[in-house]
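One structure is given here, and the rest of the page talks about it.
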Amino acid sequence: MLMRQDSISRYKGEVSVRSQVLGDFTVEVPAVAMLDREVDVLWVTPKATQLADALARADRVGDARVIPLMNGIDHLAVLRARYPRVTAGTLRVASERDEGWRITQSSTFFRVDLCGAETVATQLRAAGIDCHVTDDEVTMLWQRLAFLAPLALATTVAAAPLGAVRQDPTYLRVQREVEAVAAAQGAHLDLTALAALRSAAPDTMRSSMQRDVEQERAPEIDAVAGPILRGGAQHGIDTPATQELTERIRTLPSTAKSPATAGEP
């Protein structure tokens, strides 16, 4: 793993996992501040607010395949301006990590989608991770954002888990707005699969944006809401519910004073 130096000083060299999919285990994982060796794949997983600092730790990637598992869409252009082999990817999981590097996965789903990279997908499947490969990058990215954006925005404003906002009119309007913008951007959303995913998500599910605001970290507002708002403006699609929730998050006291701190890829 690539980490800030202050994180390395607190890291004990191992990660403990409690997962409904992979089971419970502890594994040793080395950590360095800068990429200092050849790798086959560089997984890019920081918050969007921390991407610039994180990428400074990975200059010498050579021919490595670079795969982001991040919220939003716009990060791909940043990565492709920097690295020669970038494969779009998305991750669906509900998990939290504490300061002791104990990771708890609370969801019954754990899925990675990749646009290509079948060899990598095979390795993930061998490790017990559900992995799907597609050749439609636009649909893959918007399919995930269509689930994430309403969840993240609504639960953050409500300061409550999914169960508290399922029937909230604004949450439902954001769903319709992101679906309309996605279609205008050329995505072919599987609305049946999207509805099934929303139904299967537990009432206790919280978004990472909600946790960031609670812990006074800079939330990924632009990464999550930005593509919807900009896409709506581009195609003449009104997105008032998305705009309303975005503005309410920006005015939350913890958001207004939280700096965009650096993170790890």
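What follows is calculated from the coordinates using simple rules that are stated; it is not laboratory data. Everything numeric here is computed off the predicted structure, so don't read it as measured data. Cβ placement follows ideal geometry from the backbone for every residue including glycine, while neighbour counts extend to all protein chains displayed.
Quick check: convex hull of the Cα atoms in segment 137-257, volume per residue, rounded to a whole Å³? Intermediate values should be presented prior to the final figure.
Details: hull volume 11.0 nm³, N = 121.
It comes to 91 Å³ per residue, whole-number rounded.
Taking the square root of 5 times each eigenvalue of the Cα gyration tensor, what semi-axes in Å does the equivalent ellipsoid of segment 1-135 have, largest first? All intermediate terms of the calculation are to be shown ahead of the outcome.
Details: eigenvalues 99, 87, 39 Å².
Result for segment 1-135: semi-axes of 22, 21, 14 Å.
How much length, in nm to one decimal, is gained on full extension between Ile237 and Ala159, taken as 0.36 nm per residue of separation minus their Cα-Cα distance?
Net length gain for the segment: 25.3 nm.
Among DSSP beta bridges lying fully in segment 1-135, give the percent that are antiparallel, nearest 5. Write out the running numbers ahead of the final one.
On the way: 13 of 28 bridges.
Of those bridges, close to 45 percent are antiparallel.
Between helix 191-200 and the chain, what is the angle of the helix's C-alpha long axis to the longest principal axis, kept within 0 to 90° and rounded to the nearest 10?
Around 70 degrees separate the two axes.
In degrees between 0 and 90, to the nearest 10, how far off the longest principal axis of the chain does helix 240-250 point, with axes built from Cα atoms?
The angle comes out near 50 degrees.
Gain in length, Phe109 to Asp203, computed as 0.36 nm per residue apart minus the alpha-carbon separation, to one decimal in nm? Numbers along the way, then the final one.
On the way: separation 94, 0.36 × 94 = 33.84 nm, distance 1.43 nm.
That works out to 32.4 nm of additional length.
Out of all DSSP beta bridges in the chain, what portion is antiparallel? Express it as a percent rounded to 5. The partial results should precede the final answer.
Details: 13 of 28 bridges.
Beta bridges within the chain, antiparallel portion: roughly 45 percent.
Show the residues, 5+ positions off or on another chain, whose built amide H is closer than 5 Å to the amide H of Arg85.
For Arg85, the qualifying residues are Val66.
With a point put 7 Å past each Cα toward its Cβ, work out how far Asp190 is from Val78 in nm, to one decimal.
In this crude label model, Asp190 to Val78 measures out at 2.9 nm.
Helix-only estimate, please: 222 nm mean residue ellipticity of the chain, summing -39500 (n - 2.57) across DSSP H runs of length 4 or more and dividing by its residues, to the nearest 500. Before the final figure, lay out the partial values.
Details: 11 runs with 111 residues, N = 265.
Helices in the chain give a 222 nm mean residue ellipticity of -12500 deg cm²/dmol.
With a bin width of 10 angstrom, please list the P(r) values of the chain as percents of all Cα-Cα pairs, from the 0 bin to the one holding the largest distance.
Going from the shortest bin to the longest, the percentages are 7, 28, 39, 22, 4, 0.
Using each residue's phi in segment 37-53, evaluate 6.51 cos²θ - 1.76 cosθ + 1.60 at θ = phi - 60° and report the 3J(HN,Hα) Karplus result to the nearest Hz, with x for Gly and Pro.
Residue by residue, segment 37-53 yields 7, 6, 9, 7, 9, 10, 8, 10, 9, x, 5, 4, 5, 10, 5, 4, 5 Hz.
Quick check: pseudo-label points 7 Å beyond the Cα along Cα→Cβ at Leu172 and Val29, how many nm apart are they?
4.0 nm
Can you list the residues, at least 5 places off or on another chain, whose amide H is less than 5 Å from the amide H of Cys131, using H built in the peptide plane?
Residues meeting the criterion, in which the H sits 1.01 Å from N, are Val112.
What angle, in degrees between 0 and 90 and rounded to the nearest 10, separates the Cα long axis of helix 169-184 from the longest principal axis of the Cα atoms of the chain?
That works out to roughly 70 degrees.
Return the distance in nm (one decimal) between the two label points of a simple spin-label model at Ile8 and Ala126, each offset 7 Å from Cα along Cα→Cβ.
Each label point is offset 7 Å from its Cα along the Cβ direction, giving 3.0 nm.
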